[in-house]
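Worksheet: the structure to be examined is printed underneath.
The values are calculated or read from the model by the stated rules, or taken from the named source; none is laboratory data. The shown structure was predicted, so the numbers you read here are calculated from the model rather than taken from an experiment. In this analysis, Cβ positions are derived from the backbone assuming ideal geometry, glycine residues included, and neighbour counts consider all displayed protein chains. With ligands, DNA and RNA removed, areas are computed over all heavy atoms of the protein, side chains included. Shrake-Rupley method; radii C 1.70, N 1.55, O 1.52, S 1.80 Å.
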Amino acid sequence: MTTPALFTPATVGSLKMDNRIVIAPMCQYSAVDGCMTDWHLIHLGQLALSGAGLLTIEATAVVPEGRITYGDVGLWDDATEAAMARTLESVRRHSPMPIAIQLAHAGRKASTEVPWKGGAQLPPEDANGWQTVSASALPFEAHEHAPQALDRAGMDRVRDAFADAARRSARLGIDAIQIHAAHGYLLHQFLSPLSNQRTDDYGGSLENRMRFPLEVYDAVRAAFPADKPVTVRVSGTDWVEGGWDVEQTIAFTKALQARGCGLIHVSSGGLDPRQQIPVGPNYQVPLARAVKQATGVQVVAVGLITDYEQAEAIVGTGDADYVGLARTILYDPRWPWHAAAHLGGRVRAADQYLRSQPRQYRSLFDMPGSAES
(Lines give C-alpha, C1' and ligand atoms only; values in the text may rest on other atoms or scores of the structure.)
Protein backbone atom coordinates (compact mmCIF):
# COMPACT_ATOMS: atom_id res chain seq x y z
CA MET A 1 0.00 0.00 0.00
CA THR A 2 1.28 3.47 -0.87
CA THR A 3 2.14 5.57 2.16
CA PRO A 4 -0.19 8.58 2.46
CA ALA A 5 1.59 11.86 1.79
CA LEU A 6 0.69 13.05 5.28
CA PHE A 7 2.64 10.15 6.77
CA THR A 8 5.83 10.37 4.75
CA PRO A 9 8.93 11.35 6.73
CA ALA A 10 10.52 14.76 6.35
CA THR A 11 13.79 16.53 7.13
CA VAL A 12 14.77 20.16 7.72
CA GLY A 13 18.45 20.42 8.55
CA SER A 14 19.11 17.96 11.37
CA LEU A 15 15.41 17.87 12.27
CA LYS A 16 13.83 14.56 11.28
CA MET A 17 10.07 14.07 11.49
CA ASP A 18 8.09 10.84 11.16
CA ASN A 19 5.28 12.60 9.30
CA ARG A 20 3.99 15.98 8.07
CA ILE A 21 1.81 16.80 11.09
CA VAL A 22 3.14 19.74 13.08
CA ILE A 23 1.64 20.67 16.44
CA ALA A 24 1.52 24.45 16.28
CA PRO A 25 2.41 26.60 19.30
CA MET A 26 -0.61 27.25 21.52
CA CYS A 27 -0.49 29.69 24.43
CA GLN A 28 -1.73 28.24 27.72
CA TYR A 29 -1.49 31.40 29.87
CA SER A 30 -0.58 29.19 32.81
CA ALA A 31 3.00 30.15 33.66
CA VAL A 32 4.06 31.88 36.88
CA ASP A 33 6.58 34.69 36.36
CA GLY A 34 7.43 33.12 32.99
CA CYS A 35 8.07 29.69 34.51
CA MET A 36 6.35 26.57 33.21
CA THR A 37 4.12 24.78 35.72
CA ASP A 38 2.58 21.32 36.12
CA TRP A 39 -0.03 22.35 33.56
CA HIS A 40 2.65 22.52 30.86
CA LEU A 41 3.85 19.04 31.76
CA ILE A 42 0.31 17.70 31.38
CA HIS A 43 -0.35 19.69 28.21
CA LEU A 44 2.92 19.02 26.40
CA GLY A 45 3.11 15.47 27.70
CA GLN A 46 -0.19 14.39 26.17
CA LEU A 47 0.64 16.10 22.86
CA ALA A 48 4.04 14.40 22.79
CA LEU A 49 2.18 11.06 22.79
CA SER A 50 -0.08 12.06 19.89
CA GLY A 51 1.95 10.58 17.03
CA ALA A 52 2.57 13.95 15.32
CA GLY A 53 5.87 14.70 13.62
CA LEU A 54 6.82 17.77 15.65
CA LEU A 55 5.70 19.43 18.87
CA THR A 56 6.13 23.21 19.14
CA ILE A 57 6.26 24.92 22.54
CA GLU A 58 3.91 27.89 22.83
CA ALA A 59 4.93 31.51 22.23
CA THR A 60 7.82 31.98 24.64
CA ALA A 61 8.65 35.56 25.53
CA VAL A 62 12.30 36.60 25.31
CA VAL A 63 11.78 39.42 27.86
CA PRO A 64 9.10 39.89 30.55
CA GLU A 65 7.50 42.85 28.74
CA GLY A 66 7.26 40.71 25.60
CA ARG A 67 4.57 38.47 27.12
CA ILE A 68 1.04 38.66 25.78
CA THR A 69 -0.26 38.10 29.33
CA TYR A 70 1.24 37.76 32.77
CA GLY A 71 0.61 34.00 32.41
CA ASP A 72 2.87 33.54 29.37
CA VAL A 73 5.89 31.25 29.30
CA GLY A 74 9.28 32.96 29.11
CA LEU A 75 12.89 32.06 28.50
CA TRP A 76 14.84 35.09 29.70
CA ASP A 77 16.72 33.97 32.81
CA ASP A 78 17.98 30.93 34.71
CA ALA A 79 14.69 30.44 36.54
CA THR A 80 12.57 30.24 33.38
CA GLU A 81 15.17 28.00 31.75
CA ALA A 82 15.23 25.65 34.74
CA ALA A 83 11.43 25.38 34.79
CA MET A 84 11.37 24.52 31.09
CA ALA A 85 14.21 22.02 31.59
CA ARG A 86 12.21 20.15 34.24
CA THR A 87 9.19 19.95 31.96
CA LEU A 88 11.18 18.79 28.94
CA GLU A 89 13.06 16.18 30.94
CA SER A 90 9.80 14.53 31.94
CA VAL A 91 8.25 14.75 28.47
CA ARG A 92 11.34 13.31 26.78
CA ARG A 93 11.47 10.41 29.22
CA HIS A 94 8.35 9.04 27.55
CA SER A 95 8.41 10.43 24.00
CA PRO A 96 11.04 10.66 21.24
CA MET A 97 9.04 13.33 19.37
CA PRO A 98 11.26 16.26 18.32
CA ILE A 99 10.45 19.54 20.06
CA ALA A 100 10.62 23.06 18.66
CA ILE A 101 10.07 26.35 20.45
CA GLN A 102 8.45 29.57 19.27
CA LEU A 103 10.40 32.61 20.48
CA ALA A 104 8.27 35.73 20.65
CA HIS A 105 7.75 39.33 21.68
CA ALA A 106 4.19 40.64 21.71
CA GLY A 107 5.05 44.33 21.26
CA ARG A 108 1.96 46.51 21.52
CA LYS A 109 -0.28 43.46 21.99
CA ALA A 110 1.40 42.66 25.31
CA SER A 111 0.15 43.41 28.83
CA THR A 112 -3.30 41.86 28.50
CA GLU A 113 -5.59 39.83 30.74
CA VAL A 114 -5.78 36.07 30.15
CA PRO A 115 -8.45 35.15 27.55
CA TRP A 116 -10.90 33.50 29.97
CA LYS A 117 -10.97 36.77 31.93
CA GLY A 118 -11.73 38.86 28.85
CA GLY A 119 -8.29 39.42 27.34
CA ALA A 120 -8.43 43.22 27.60
CA GLN A 121 -5.28 45.30 27.68
CA LEU A 122 -3.99 46.03 31.18
CA PRO A 123 -2.58 49.54 31.65
CA PRO A 124 0.95 50.01 33.04
CA GLU A 125 -0.35 50.91 36.48
CA ASP A 126 -2.25 47.59 36.81
CA ALA A 127 -0.61 45.03 39.08
CA ASN A 128 -0.42 42.61 36.15
CA GLY A 129 0.34 45.21 33.45
CA TRP A 130 3.33 47.07 32.06
CA GLN A 131 4.34 49.63 29.43
CA THR A 132 4.33 48.10 25.97
CA VAL A 133 6.69 48.85 23.08
CA SER A 134 6.36 48.71 19.29
CA ALA A 135 7.80 49.92 16.02
CA SER A 136 5.77 53.13 16.38
CA ALA A 137 3.74 54.72 19.18
CA LEU A 138 0.44 53.46 17.74
CA PRO A 139 -1.92 51.39 19.90
CA PHE A 140 -3.60 48.27 18.53
CA GLU A 141 -6.99 49.83 19.26
CA ALA A 142 -7.57 53.56 19.63
CA HIS A 143 -8.76 53.35 23.24
CA GLU A 144 -5.73 51.39 24.43
CA HIS A 145 -2.62 52.71 26.15
CA ALA A 146 -0.12 53.61 23.42
CA PRO A 147 3.15 51.69 23.17
CA GLN A 148 6.53 53.38 23.25
CA ALA A 149 8.38 53.39 19.92
CA LEU A 150 11.59 51.43 20.31
CA ASP A 151 14.78 53.43 19.90
CA ARG A 152 18.02 51.87 18.69
CA ALA A 153 19.06 50.86 22.21
CA GLY A 154 15.65 49.24 22.79
CA MET A 155 15.84 47.37 19.50
CA ASP A 156 19.30 46.12 20.45
CA ARG A 157 17.96 44.82 23.77
CA VAL A 158 15.15 42.95 22.01
CA ARG A 159 17.49 41.50 19.37
CA ASP A 160 19.98 40.38 22.01
CA ALA A 161 17.17 38.87 24.11
CA PHE A 162 16.09 36.74 21.15
CA ALA A 163 19.70 35.57 20.76
CA ASP A 164 20.01 34.81 24.48
CA ALA A 165 16.77 32.78 24.39
CA ALA A 166 18.17 30.89 21.40
CA ARG A 167 21.28 29.99 23.39
CA ARG A 168 19.11 28.83 26.27
CA SER A 169 17.05 26.79 23.78
CA ALA A 170 20.24 25.12 22.57
CA ARG A 171 21.20 24.22 26.14
CA LEU A 172 17.74 22.69 26.58
CA GLY A 173 18.30 20.47 23.55
CA ILE A 174 15.50 22.07 21.54
CA ASP A 175 15.45 20.66 18.00
CA ALA A 176 14.29 23.78 16.13
CA ILE A 177 13.38 27.42 16.75
CA GLN A 178 10.44 29.26 15.25
CA ILE A 179 10.68 33.06 15.36
CA HIS A 180 7.23 34.60 15.75
CA ALA A 181 6.82 37.33 13.12
CA ALA A 182 3.05 36.93 12.71
CA HIS A 183 -0.33 37.69 14.32
CA GLY A 184 0.35 41.36 14.95
CA TYR A 185 3.17 40.84 17.44
CA LEU A 186 6.37 42.90 17.56
CA LEU A 187 8.23 41.70 14.47
CA HIS A 188 5.00 41.81 12.45
CA GLN A 189 4.52 45.36 13.77
CA PHE A 190 7.83 46.29 12.14
CA LEU A 191 6.90 44.55 8.89
CA SER A 192 3.46 46.07 8.28
CA PRO A 193 3.09 49.68 7.04
CA LEU A 194 -0.10 49.91 9.12
CA SER A 195 1.80 49.65 12.41
CA ASN A 196 5.24 50.87 11.33
CA GLN A 197 5.26 54.59 10.57
CA ARG A 198 8.90 55.19 11.42
CA THR A 199 10.92 57.72 9.45
CA ASP A 200 14.35 56.18 10.12
CA ASP A 201 16.10 53.26 8.43
CA TYR A 202 13.53 50.86 9.92
CA GLY A 203 10.39 52.37 8.39
CA GLY A 204 8.94 53.37 5.04
CA SER A 205 10.15 51.07 2.29
CA LEU A 206 9.71 47.30 2.39
CA GLU A 207 13.48 46.92 2.69
CA ASN A 208 13.51 49.17 5.74
CA ARG A 209 10.51 47.50 7.39
CA MET A 210 12.13 44.07 6.98
CA ARG A 211 15.45 45.25 8.42
CA PHE A 212 14.82 44.69 12.14
CA PRO A 213 13.09 41.28 11.78
CA LEU A 214 16.04 40.17 9.64
CA GLU A 215 18.48 41.45 12.27
CA VAL A 216 16.63 39.33 14.83
CA TYR A 217 16.77 36.32 12.54
CA ASP A 218 20.51 36.77 12.01
CA ALA A 219 21.10 37.03 15.78
CA VAL A 220 19.07 33.90 16.52
CA ARG A 221 20.69 31.99 13.68
CA ALA A 222 24.17 32.84 14.99
CA ALA A 223 23.24 31.79 18.54
CA PHE A 224 21.71 28.38 17.69
CA PRO A 225 23.58 25.28 16.44
CA ALA A 226 24.17 25.61 12.71
CA ASP A 227 22.69 22.21 11.83
CA LYS A 228 19.43 22.88 13.67
CA PRO A 229 16.75 24.86 11.77
CA VAL A 230 15.65 28.38 12.64
CA THR A 231 12.22 28.86 11.07
CA VAL A 232 9.83 31.80 10.96
CA ARG A 233 6.09 32.18 11.38
CA VAL A 234 4.59 34.92 9.23
CA SER A 235 1.17 36.38 8.59
CA GLY A 236 0.73 36.11 4.84
CA THR A 237 -1.61 39.12 4.85
CA ASP A 238 -3.10 41.64 7.26
CA TRP A 239 -6.48 41.31 5.50
CA VAL A 240 -6.56 45.14 5.46
CA GLU A 241 -6.19 47.36 2.40
CA GLY A 242 -2.76 48.96 2.29
CA GLY A 243 -1.29 46.55 4.83
CA TRP A 244 1.10 43.63 4.71
CA ASP A 245 0.25 41.22 1.89
CA VAL A 246 1.39 38.03 0.23
CA GLU A 247 3.73 39.79 -2.22
CA GLN A 248 5.61 41.35 0.68
CA THR A 249 5.55 37.99 2.47
CA ILE A 250 7.25 36.41 -0.54
CA ALA A 251 9.92 39.14 -0.56
CA PHE A 252 10.51 38.61 3.17
CA THR A 253 10.71 34.84 2.66
CA LYS A 254 13.31 35.27 -0.08
CA ALA A 255 15.41 37.43 2.26
CA LEU A 256 15.13 34.75 4.97
CA GLN A 257 15.89 32.01 2.47
CA ALA A 258 19.12 33.82 1.51
CA ARG A 259 20.09 33.58 5.18
CA GLY A 260 19.51 29.83 5.28
CA CYS A 261 15.92 29.65 6.50
CA GLY A 262 14.42 26.43 5.15
CA LEU A 263 10.91 26.47 6.61
CA ILE A 264 8.19 29.13 6.80
CA HIS A 265 4.94 28.73 8.75
CA VAL A 266 2.28 30.77 6.94
CA SER A 267 -0.64 32.08 8.98
CA SER A 268 -2.42 35.45 8.60
CA GLY A 269 -4.01 38.43 10.30
CA GLY A 270 -3.78 39.64 13.86
CA LEU A 271 -2.27 43.06 13.25
CA ASP A 272 -5.25 45.37 12.81
CA PRO A 273 -8.80 45.23 14.24
CA ARG A 274 -10.15 46.29 10.83
CA GLN A 275 -9.18 42.94 9.32
CA GLN A 276 -11.79 41.18 7.20
CA ILE A 277 -10.90 37.49 7.25
CA PRO A 278 -12.81 35.04 5.02
CA VAL A 279 -12.69 32.28 7.61
CA GLY A 280 -13.42 28.77 6.36
CA PRO A 281 -11.66 25.44 5.79
CA ASN A 282 -8.30 25.94 4.01
CA TYR A 283 -8.71 29.74 4.07
CA GLN A 284 -4.98 30.29 4.65
CA VAL A 285 -3.69 27.49 2.42
CA PRO A 286 -3.49 29.72 -0.71
CA LEU A 287 -1.06 31.96 1.18
CA ALA A 288 1.20 29.01 1.98
CA ARG A 289 0.93 27.77 -1.60
CA ALA A 290 1.91 31.19 -3.00
CA VAL A 291 5.00 31.36 -0.79
CA LYS A 292 6.03 27.81 -1.68
CA GLN A 293 5.53 28.32 -5.41
CA ALA A 294 7.42 31.62 -5.49
CA THR A 295 10.38 30.55 -3.36
CA GLY A 296 10.60 26.76 -3.20
CA VAL A 297 11.00 26.95 0.57
CA GLN A 298 9.24 24.34 2.69
CA VAL A 299 6.01 25.68 4.19
CA VAL A 300 3.55 24.81 6.95
CA ALA A 301 -0.13 25.54 6.24
CA VAL A 302 -2.46 26.20 9.16
CA GLY A 303 -6.01 27.30 9.89
CA LEU A 304 -9.22 25.24 10.21
CA ILE A 305 -7.52 22.04 9.08
CA THR A 306 -9.68 19.45 10.81
CA ASP A 307 -10.46 16.66 8.34
CA TYR A 308 -8.10 13.79 7.53
CA GLU A 309 -8.72 13.88 3.76
CA GLN A 310 -8.36 17.66 3.84
CA ALA A 311 -4.92 17.43 5.44
CA GLU A 312 -3.84 14.66 3.06
CA ALA A 313 -4.90 16.75 0.06
CA ILE A 314 -2.97 19.82 1.24
CA VAL A 315 0.26 17.83 1.45
CA GLY A 316 -0.48 15.44 -1.41
CA THR A 317 -1.13 18.20 -3.95
CA GLY A 318 1.97 20.11 -2.92
CA ASP A 319 0.09 23.14 -1.58
CA ALA A 320 2.20 22.80 1.57
CA ASP A 321 4.83 20.46 2.96
CA TYR A 322 3.23 20.23 6.41
CA VAL A 323 -0.07 20.93 8.12
CA GLY A 324 -0.09 22.73 11.44
CA LEU A 325 -2.71 21.70 13.97
CA ALA A 326 -3.68 23.80 16.99
CA ARG A 327 -7.27 23.83 18.26
CA THR A 328 -7.92 20.65 16.26
CA ILE A 329 -5.40 18.67 18.28
CA LEU A 330 -6.48 20.22 21.58
CA TYR A 331 -9.95 18.89 20.85
CA ASP A 332 -8.63 15.51 19.72
CA PRO A 333 -5.09 14.80 21.04
CA ARG A 334 -5.09 11.49 19.11
CA TRP A 335 -5.88 13.15 15.76
CA PRO A 336 -2.70 11.76 14.13
CA TRP A 337 -3.68 8.21 15.19
CA HIS A 338 -7.14 8.63 13.74
CA ALA A 339 -5.80 10.20 10.54
CA ALA A 340 -3.35 7.33 10.07
CA ALA A 341 -6.11 4.78 10.61
CA HIS A 342 -8.38 6.56 8.12
CA LEU A 343 -5.74 7.08 5.44
CA GLY A 344 -3.86 3.79 5.80
CA GLY A 345 -0.77 5.28 7.40
CA ARG A 346 1.37 4.23 10.32
CA VAL A 347 2.08 6.17 13.48
CA ARG A 348 4.34 5.90 16.51
CA ALA A 349 2.71 4.98 19.81
CA ALA A 350 4.09 4.58 23.31
CA ASP A 351 4.72 1.01 24.36
CA GLN A 352 2.15 1.41 27.13
CA TYR A 353 -0.55 2.15 24.54
CA LEU A 354 0.21 -0.52 21.94
CA ARG A 355 -2.57 -2.78 23.20
CA SER A 356 -5.11 -0.10 22.26
CA GLN A 357 -4.57 -0.71 18.52
CA PRO A 358 -7.99 -1.58 17.04
CA ARG A 359 -8.35 -5.00 15.43
CA GLN A 360 -9.18 -3.53 12.03
CA TYR A 361 -5.93 -1.48 11.94
CA ARG A 362 -3.35 -4.18 12.58
CA SER A 363 -0.41 -2.13 11.18
CA LEU A 364 -1.41 1.24 12.61
CA PHE A 365 1.29 1.26 15.31
CA ASP A 366 3.86 -0.55 13.19
CA MET A 367 6.49 2.19 13.39
CA PRO A 368 10.24 1.98 14.02
CA GLY A 369 10.82 2.42 17.73
CA SER A 370 7.46 1.01 18.81
CA ALA A 371 7.53 -2.25 20.69
CA GLU A 372 6.12 -5.23 18.83
CA SER A 373 2.47 -5.82 19.58
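Screening the chain for whole DSSP H helices with an alpha carbon extent of at least 20 angstrom along the helix axis and a mean Kyte-Doolittle hydropathy of at least -0.5 yields 206-223. Secondary structure note: in the chain, about 15% of the DSSP beta bridges are antiparallel. The candidates R346, R259, R93, R209, arranged from most to least accessible area with a 1.4 Å probe in the full protein assembly, appear as R93, R346, R259, R209.
Tell me the relative contact order for the chain as a rounded percent, counting alpha carbon contacts under 8 Å between residues six or more apart.
Details: 824 pairs, mean separation 59.6, N = 373.
With pairs under 8 Å counted, the relative contact order is 16 percent.
Within the chain, the ratio Rg/Rh, alpha carbon atoms throughout and Rh by Kirkwood, equals 0.96. Considering segment 1-77 at the alpha-carbon level, its Rg and Dmax are found to be 15.3, 52 Å. Each residue, A222 and T3, gets one label point 7 Å from its Cα in the Cβ direction; the gap between the two is 3.9 nm.
Calculated translational diffusion coefficient of segment 118-174 (10 °C, 1.306 mPa s; Stokes-Einstein with Kirkwood radius over alpha-carbon pairs) equals 118 µm²/s. Annotation for R359 and Q148: the two label points, set 7 Å from Cα along the Cα-Cβ direction, are 6.9 nm apart.
Only protein atoms count toward the accessible area here, which uses a 1.4 Å probe; on the chain, the carbon and sulfur part of that area reaches 51 percent. With 23 Å as the limit on Cα-Cα distance, the pairs of K109/K228; K228/K292; K228/K254 that go past it are K109/K228. The mean sequence distance of close C-alpha pairs (under 8 Å, at least 6 residues apart), as a share of the length of segment 183-232, puts its relative contact order at 25 percent.
Let me know the shape class of segment 105-226, please: from the alpha-carbon gyration tensor, a ≥ b ≥ c as square roots of the eigenvalues, rounded when a/c is under 1.5, otherwise prolate if a/b is greater than b/c, or oblate.
On the way: a/c = 2.10, a/b = 1.24, b/c = 1.70.
In terms of gyration-tensor shape, oblate.
Write down Rg/Rh for segment 59-131, rounded to two decimals, with Rg from the C-alpha atoms and Rh from the Kirkwood relation over Cα pairs.
Taking Rh as the inverse mean 1/r over Cα pairs, Rg/Rh reads 1.06.
Run the numbers for Q352 and T317: contour at 0.36 nm per residue of separation, minus the present Cα-Cα distance, in nm.
Net length gain for the segment: 9.1 nm.
Mind ranking L186, L194 by accessible surface for me, highest first, 1.4 Å probe? Working shown, then result.
Values: L186 0, L194 35 Å².
The ordering from most to least exposed comes out as L194, L186.
For segment 271-373, the percent of C-alpha pairs falling in each 5 Å distance bin, counted from 0 to the bin holding the largest distance, reads 2, 12, 18, 18, 16, 14, 9, 5, 3, 2, 0. The residues of segment 236-373 expose, per residue, 48 Å² of accessible area to a 1.4 Å probe. With the chain treated as a Gaussian network of Cα nodes joined by springs under 10 Å, which of Y70, Y283, Y361 yields the largest mean-square fluctuation? Residue with maximal mean-square fluctuation among Y70, Y283, Y361: Y361.
For segment 217-286, the Kirkwood hydrodynamic radius from C-alpha pairs, put into Stokes-Einstein at 37 °C and a viscosity of 0.692 mPa s, yields a diffusion coefficient of 245 µm² per second.
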